Every structure is written in structure tokens, then in C-alpha cells.
Amino acid sequence: MTKPVISFWFEFASTYSYLTAMRIEALAESRGVGLKWRPFLLGPIFAAQGWTTSPFNIYPAKGSYMWRDLERQAELLSLPLAQPDPFPQNGLKAARIAEYLRQGEWCAPFVRAVFHAEFGEGRDISDPELLAAVLIDIGAPAKDVMTAVETQSVKDRLREAVGEAQGLGIFGAPSFVTEDGELFWGNDRLEQALDWAVRHHGD
């Protein structure tokens, strides 16, 4: 029998996607759920709502709460936390790399390493040298990957992923979509998404 699968939609500028990326594989494996890594960009989705930046910047009280909450959650998960400057980070190139890698063995380690650099160390993930170094560290062919992600086909794939996310009703990250199309939003909904995927597999 095939096992249930969920799609993990993440955005590199998303603070809570950091928490999820660092724990989702172990939780999915423990429940026997397969995982699809789905990078996308929130910028076009926010722009459609009239936002030019993160809502955590638009609404200062919400942003202040988020950073304090992130400190608490990171402590519970024993994760390092450093606020990058600027926030949100420009994750376009990182997202293109993740899209290019997402069917293979390097996607998950790449995503985790980028999130760690960004929110664990406060580094600038728009820096191509940092991204190339991450690829080298995980054993991926950095030069080939950095060349490939500048091709129109990879750019188009990421653009299509944004359109797919919008079609699924995704409005924030992290989001999880089960095989039957059920949408869950937020790091605190990960367990519910996994449980739903198991209960409704094959419906």
C-alpha cells in the first residue's frame, strides 16, 4: 500500500517556516507520512492583498509578538534564533534553488541549512556566495546548480508554484496540503495536518 503524503509549502522569509523545516521530517516519518517540499514566494500573494512587506512589519504589535513567540518556540525546540537584518529577507534565489532540487536528495538538507543560516545565524540569504557555500557543504554540485537556477525553465517553475499555491487557497507559510486537498496553516498545525493525512488516506 502507498503511504499518505502531505505537501509542505514554505517561504524562506517566513519565520515559522524555519521552525517547521527543522522538525517536519522526523514527525512525518514517525507517522508514516511522505513529504513533498514545496518552495514558493509570498510576495505576489501579499501584493494581491495590497501589502508591500510582511504583515509583521505592517502591524508592529503583531511583529513584536511574533518575535517573542518565536523565541519561546525556538527554545522549546532547542533551535538557535537570530533576527536577520533586513527582515524579511530576499529568498528568491534560495527558492529557485530549492525548486530545482526539490525532487532529489539535496532539497531537504539545503532548505534546513538556508533556514539555519537565516534565522539561526542572522545571515543574508540573498548572497549567492552563501548559497553556493551551503550547496558545497551538503555535497551538491554547487556550480551546476547555481548555473541551472538562472535558466528560464527554473524561473518559470517557481512562478508556476506561486500560481499553484494561490489556486490551493494558500495565503501564508508554512502551509500543509493533504492528498484530499485539506489546507492547514501554521507551524502549530503540523501535527494536525499529519494526523489528517493518515486518517483520510485513500478516502
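A few comments on the model shown:
- S54 vs. criteria over 14 Å from the mean Cα position of the chain (by Cα), polar (S, T, N, Q) and loosely packed, with under 13 Cβ neighbours inside 10 Å: no
- Qualifying residue in the range 156-168 (condition: under 19 Å from the mean Cα position of the chain (by Cα) and either in a loop (DSSP other than H, G, I, E, B) or hydroxyl-bearing (S, T, Y) (or both)): yes
- Being touching a residue at least 60 places away in the same chain (Cβ under 8 Å) and part of a loop (DSSP other than H, G, I, E, B) is a description that applies to F12.
- Residues satisfying the stated conditions in the range 79-98, i.e. surrounded by fewer than 17 Cβ atoms within 10 Å (Cβ to Cβ) and either more than 14 Å from E11 (Cα to Cα) or among the charged types (D, E, K, R) (or both): P80, A82, Q83, D85, P86
- Any hit, the range 58-78, residues being open to solvent by less than 40 Å² (accessible area, probe 1.4 Å) and in a loop (DSSP other than H, G, I, E, B): no
- Residue satisfying all of: in the range 125-141; touching a residue at least 12 places away in the same chain (Cβ under 8 Å) and not hydrophobic (A, V, I, L, M, F, W, C); surrounded by the most Cβ atoms within 10 Å (Cβ to Cβ) among these: S126
- Of note, G122 satisfies the criterion of being open to solvent by 20 Å² or more (accessible area, probe 1.4 Å), more than 23 Å from I45 (Cα to Cα) and part of a loop (DSSP other than H, G, I, E, B).
- Cross-chain or 6+ apart pairs with Cβ under 9 Å, the range 20-35 first and among the aliphatic types (A, V, I, L, M), then in a loop (DSSP other than H, G, I, E, B) and surrounded by 20 or more Cβ atoms within 10 Å (Cβ to Cβ): A21/P174; I24/P174; L27/V33; V33/P4
- Here D180 meets each of (1) out of contact with any His (no Cβ under 9 Å at 6 or more places or on another chain); (2) assigned to a loop (DSSP other than H, G, I, E, B) with one exception, condition (1).
- A count restricted to the range 15-32 and to residues that are open to solvent by 10 Å² or more (accessible area, probe 1.4 Å) and either over 12 Å from P174 (Cα atoms) or assigned to a loop (DSSP other than H, G, I, E, B) (or both) stands at 9.
- So L168, is it open to solvent by 50 Å² or more (accessible area, probe 1.4 Å) and either within 26 Å of D85 (Cβ to Cβ) or not β-branched (V, I, T) (or both): yes
- So D144, is it among the acidic types (D, E), at pLDDT 95 or above and open to solvent by 70 Å² or more (accessible area, probe 1.4 Å): yes
- Taken over the range 83-119, the residue count meeting the criterion of being outside any helix (DSSP H, G or I) and either farther than 22 Å from G43 by Cα or of a type in the set (F, W, Y) (or both) is 5.
- Among the candidates L35, L101, the residue that is open to solvent by 40 Å² or more (accessible area, probe 1.4 Å), in contact with a helix residue (DSSP H, G or I) (Cβ under 9 Å, 6 or more places away or on another chain), closer than 30 Å to G202 by Cα and not charged (D, E, K, R) is uniquely L35.
The values are calculated or read from the model by the stated rules, or taken from the named source; none is laboratory data. For clarity, every value in this text was computed on a predicted model and none was experimentally measured. Cβ: placed from backbone, ideal geometry, glycine included. Neighbour counts: every protein chain shown. Remember, those area values only see protein heavy atoms, side chains included, never the ligands or the DNA or RNA. Shrake-Rupley method; radii C 1.70, N 1.55, O 1.52, S 1.80 Å.
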